[in-house]
Amino acid sequence: MTQYDFTTLPNRLNNHSMKWKEVEANRSLLPLWVADMDFLAFPEMKAAVQAYADRGVYGYPYFSDQVLESIQNWEREQHGYRFDKEALVLIEGVVPAISVAIQTFTKEGDAVLINTPVYPPFARSVKLNNRQLIENSLVERQGHFEIDFDQLEKDVVENQVKLYVFCSPHNPGGRVWSPEELIRVAELCRKHGVILVSDEIHQDLALFGHKHHSINTLGDFQDFTVVLSSATKTFNIAGTKNSFAIIENSALRAAFKKRQLGNNQHEVPTIGLVTTETAFRYGKPWLTELKKVLEDNINLVFETLTQKTNIKVMKPEGTYLVWLDFSDYHLSDEELHRKIKEEAKLILNVGSTFGKEGTGHARLNVATPKTTLQEALNRLVQVF
């Protein structure tokens, strides 16, 4: 019997929840979009936040050894990744860290590569920093995404790519890359002098027996890699703002920290330090239960939509985000998302925001109590 509550839907209205904002104006909508869970925090997390509130003083923090050690211990115990404390750079979020990396390791006009479809801020960060965006399309084979390595190398060489922002595990689609694939990605970067920025924020959410491998545990790639991660996605604490970069190469790290300081992005709120340390010290039992709930919910989505609709479901190997393909309905993108919003009364992520390959798709967040998910599925079945 679980000691945690994954069945209660918390009331998130009128508490500044981005996920639920539209529902405040239209109560008929059900939001299953942004990667934010509708689950209550585990008791130790709530107690830690309460203890922080009880201090009554909320001034500037410093990064204690205890916080840094909690990250090191988690990476070592959960992912077999060992590194010196000096390699850690704290920053408020993984997306800000991607922008800092782009600014640090490339100049305006340089080519930066991403695999599409992918989390929308990847492309946005490249474009807004005036770099040349190179989109390498993932290939859908046997119900999951794969990398076309011949095309990838061609894209790198022909565009003189300087930096590759890689998503591992991948969002959307939930692909947990194999060691062989990751080694090929890293060796390609080494061969062509490309800096590899590996966004591993979903590292703790590998499911169905799949295992996440952090890129630097598979070879001597530390000289050209920047690994980004956070406790925020795993433990649903994104609003508290904290993430980390692991940069083992001292020259890359010094350059990154200099740009970070130049942007005045070197501070993290105390609450983010509190929640990160709490998550990594006390969160493992909760995470173990969460993953069972997510697997159960993903199976429900797959079975329901596969049996009762023509929606094609890409069953994720990790994350709590499910990629849905509506192309069998032959709807324009505008008509598809009108039907989802106005007829099914659901808020899902619009697939085309992840890249051109996402046209006719939507992304569904299953990190919600089963009763809520079942209601959403009933609505999709009714409309589609």
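Taking R0 as 35 Å, what FRET efficiency do you get between residue 329 and residue 24 from their Cβ-Cβ distance, rounded to the nearest 0.05? Efficiency at R0 = 35 Å is approximately 0.70.
The C-alpha atoms of the chain occupy a region whose extents along the principal axes are 57, 57, 37 Å, arranged from largest to smallest.
Once you reduce segment 137-174 and segment 207-277 to the center of their Cα atoms, the two points are 22 Å from each other.
Evaluated with a Cβ-only charge set (Lys, Arg +1; Asp, Glu -1), segment 31-149 carries a dipole of roughly 260 debye about its Cα centre, given to the nearest 20.
Relative protection proxy for 367-375, 351-359, 143-151, from highest mean packing down: 351-359, 367-375, 143-151 (other beta-carbon atoms within 10 angstrom).
Peptide packing: for 209-216, 194-201, 22-29, 329-336, the average count of neighbouring Cβ atoms within 10 Å per residue gives the ranking 194-201, 209-216, 329-336, 22-29, highest mean first. Near the amide H of residue 132, within less than 5 Å, lie the amide hydrogens of 109, 110, 111, 112, all on another chain or at least 5 residues away, with H placed in the peptide plane.
Extending 7 Å from Cα along the Cβ direction at residue 107 and again at residue 82 yields two label points whose distance is 4.1 nm.
Per residue, the convex hull around the alpha carbon atoms of segment 70-175 comes to 128 Å³. Each helix, a run of at least 4 DSSP H residues, gives -39500 (n - 2.57); summed and divided by the residues of the chain, these come to -12000 deg cm²/dmol at 222 nm.
Ligands, DNA and RNA are left out, and with a 1.4 angstrom probe the accessible area of segment 90-140 is 34 Å² per residue.
Could you pull out every whole DSSP H run in the chain that spans at least 15 Å of Cα extent along its own axis and averages 0.5 or higher on the Kyte-Doolittle scale? Qualifying helices: 94-105. The three principal axes of the C-alpha atoms in segment 56-281 carry coordinate ranges of 56, 42, 30 Å, sorted with the longest axis first.
Sequence-distant contacts, meaning Cα pairs under 8 Å at least 6 residues apart, place the relative contact order of segment 56-281 at 27 percent. Ellipsoid semi-axes for segment 1-135, based on the Cα gyration tensor and the rule √(5λ), read 32, 26, 17 Å when sorted largest first. Full extension of the segment from residue 180 to residue 192, taken as 0.36 nm per residue of separation minus the current Cα-Cα distance, would add 2.5 nm. Among the chymotrypsin sites (Phe, Trp or Tyr not before Pro) in segment 22-90, those located in a DSSP loop and surrounded by at most 12 other Cβ atoms within 10 Å of their own Cβ are 58, 62. Just the protein heavy atoms count here, and of the accessible area of the chain at 1.4 Å, carbon and sulfur take up 48 percent.
Averaging 1/r across all pairs of distinct Cα atoms in segment 238-384 and inverting the result yields a Kirkwood radius of 18.2 Å. Pairs from the list 21/211; 312/339; 127/191; 211/258 with a Cα-Cα gap above 28 Å: 21/211; 211/258. When the Cα atoms of segment 102-147 are aligned to their principal axes, the ranges along those axes come out at 39, 15, 14 Å in descending order.
The values are calculated or read from the model by the stated rules, or taken from the named source; none is laboratory data. Quantities reported herein were computed from a predicted structural model and do not represent experimental measurements. Please note: Cβ atoms are built from the backbone with ideal geometry, for glycine as well, and neighbour counts cover all protein chains shown. We work out accessible area using only protein heavy atoms, side chains counted, and drop any ligands, DNA or RNA first. Shrake-Rupley method; radii C 1.70, N 1.55, O 1.52, S 1.80 Å.
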